[in-house]
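Computed from the coordinates by the stated procedures, all read-outs in this text should not be read as laboratory data. These figures come from a predicted structure and were not determined experimentally. Here Cβ is always computed from backbone atoms with ideal geometry, including for glycine, and neighbour counts include all displayed protein chains.
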Amino acid sequence: MDTETRNMPDHIGIIMDGNGRWAQKRNLPRGYGHKEGAMRVLDIVKACYKKDIPYLSLYAFSTENWKRPAEEVQHLMALLQKFIAKYIAEMHENGIRLNVMGDIEALPEKVRESVQGALQTTADNSKMVLNIGLNYGGQDEILRAAKSLAKDVEAGKIDADAIDKEAFESRLYTAGAPPLDLLIRPSGELRVSNFMLYQLAYSEFWFSDVLWPDFTPEVLDVALRDYQNRNRRFGGI
Ligand code: FPP
């Protein structure tokens, strides 16, 4: 059976990694790797769209990525802005909704404005959600949800004993989205790096040595075939 026909994930998360090493291997500045990586974003969004995968979450910029040289941070921000300017109309036409995880207030003004514009433009779309982690950290997200609930308890809006999974999940950046079914990390690193810590509770993990700029839809197909052969038990037998 091919990947089209059975047991597809509803929600895929990808830690896009290896852009720097891809460029280094070619004696190019790291920025070339990010640029090529941005093209793979487009390819993989299209591939997921064609396969009717309704949620795709991508880690584009972590709360820790500010530690990189200012020039690289600026380059990543500029790439994101360009990506939105170039492709948001097409995404909108195809019914893709953009969602962002992370504190976008800290982004440079121009980038923040373009992200906010794209969020507004695509807000009513329902064919697919492209969820991008920007200045995102999983621990931050959980703390933010806890604080938001604590404030509502303090204000008497909700009873502490009434806090359940649903109430907690409604305060996450992914409110309304299904949990992660499949977490993909290319580039040979075997870690989660603060990505979607809450949502990955029962996720299947798929790691590969392929660097993100080499991550084609064919590589995604390999991951999907592996996923389809996993026996997910969710704690049962
Ligand atoms: C990790 O590679 C990648 C990033 C920190 C950025 C990911 C960004 C993009 C793919 C481009 C822009 C995004 C969008 C949504 C258009 P790395 O630099 O850590 O690679 P290395 O580990 O080989 O150094």
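Structural size metrics of segment 1-54, computed from C-alpha coordinates, are Rg and Dmax of 14.5, 42 Å.
Between A23, A155, A177, the residue with the greatest mean-square fluctuation in the GNM of the chain (Cα pairs under 10 Å linked by springs) is A155.
Restricting the trypsin sites (Lys or Arg not before Pro) of segment 59-127 to loop positions (DSSP other than H, G, I, E, B) with no more than 12 neighbouring Cβ atoms within 10 Å leaves K127.
Using the charge dipole of segment 188-230 (Lys, Arg: +1 at Cβ; Asp, Glu: -1 at Cβ; taken about the Cα centre), state which of Y227, Y202, P213 has its Cα farthest towards the positive end. Sorting the options by dipole projection puts first Y202.
What is the projected area of the convex hull of the Cα atoms of segment 30-110, averaged over all directions, in nm²?
Mean projected area of the Cα convex hull: 5.7 nm².
Note on the chain: GNM, Cα springs under 10 Å; of D226, D164, D52, the largest mean-square fluctuation is that of D164. Volume per residue for the chain equals 138 cubic angstrom (convex hull of Cα atoms).
Considering only I104, V73, T122, whose Cα is most displaced toward the positive end of the charge dipole of segment 1-128, charges sitting on Cβ of Lys, Arg (+1) and Asp, Glu (-1)? Towards the positive end, the residue furthest out is V73.
Just how large is the dipole of segment 124-198 about the Cα centre, in debye to the nearest 20, putting +1 at every Lys and Arg Cβ and -1 at every Asp and Glu Cβ? Don't skip to the end; give the middle numbers.
On the way: 9 positive and 12 negative charges, 58 e Å.
Its charge dipole is roughly 280 debye.
How many percent of Cα pairs in segment 11-150 exceed 18 Å?
On the way: 5577 of 9730 pairs.
Distances greater than 18 Å cover 57 percent of the Cα pairs.
Take the Cα radius of gyration of segment 151-237 and divide it by 2.2 N^0.38 Å, N being the number of residues; the result is 1.45.
Based only on other Cβ atoms within 10 Å, what is the fewest-to-most ordering of F168, F215? Intermediate values should be presented prior to the final figure.
Working: F168 16, F215 25.
By the 10 Å Cβ count, ascending, the order reads F168, F215.
Of all lysines in the structure, those lying under 21 Å Cα to Cα from K25, and not within fewer than 8 positions of it along the same chain, are K35.
What is the order of H75, H34, fewest Cβ neighbours within 10 Å to most? Please report the intermediate quantities before stating the final value.
Values: H75 18, H34 23.
The most exposed by this proxy come first: H75, H34.
GNM remark for the chain: springs join alpha carbons under 10 Å apart, and the peak mean-square fluctuation among L143, L197, L220 falls on L143.
Dipole size of the chain about its Cα centre, with +1 on Lys/Arg Cβ and -1 on Asp/Glu Cβ: approximately 540 debye, rounded to the nearest 20.
With the biggest extent put first, the Cα atoms of segment 72-133 measure 33, 22, 15 Å across the principal axes.
Over 30 Å between C-alpha atoms is what I'm after, so list which of K51/K157; K50/K86; K82/K127; K86/K151; K86/K127; K127/K165 land there.
Working: K51/K157 42 Å; K50/K86 20 Å; K82/K127 23 Å; K86/K151 40 Å; K86/K127 20 Å; K127/K165 26 Å.
In this structure, K51/K157; K86/K151 lie more than 30 Å apart at Cα.
Two tests apply to each whole DSSP H helix in the chain, Cα reach of 15 Å or more along its axis and mean Kyte-Doolittle hydropathy of at least 0.0, and the ones passing both are 70-93.
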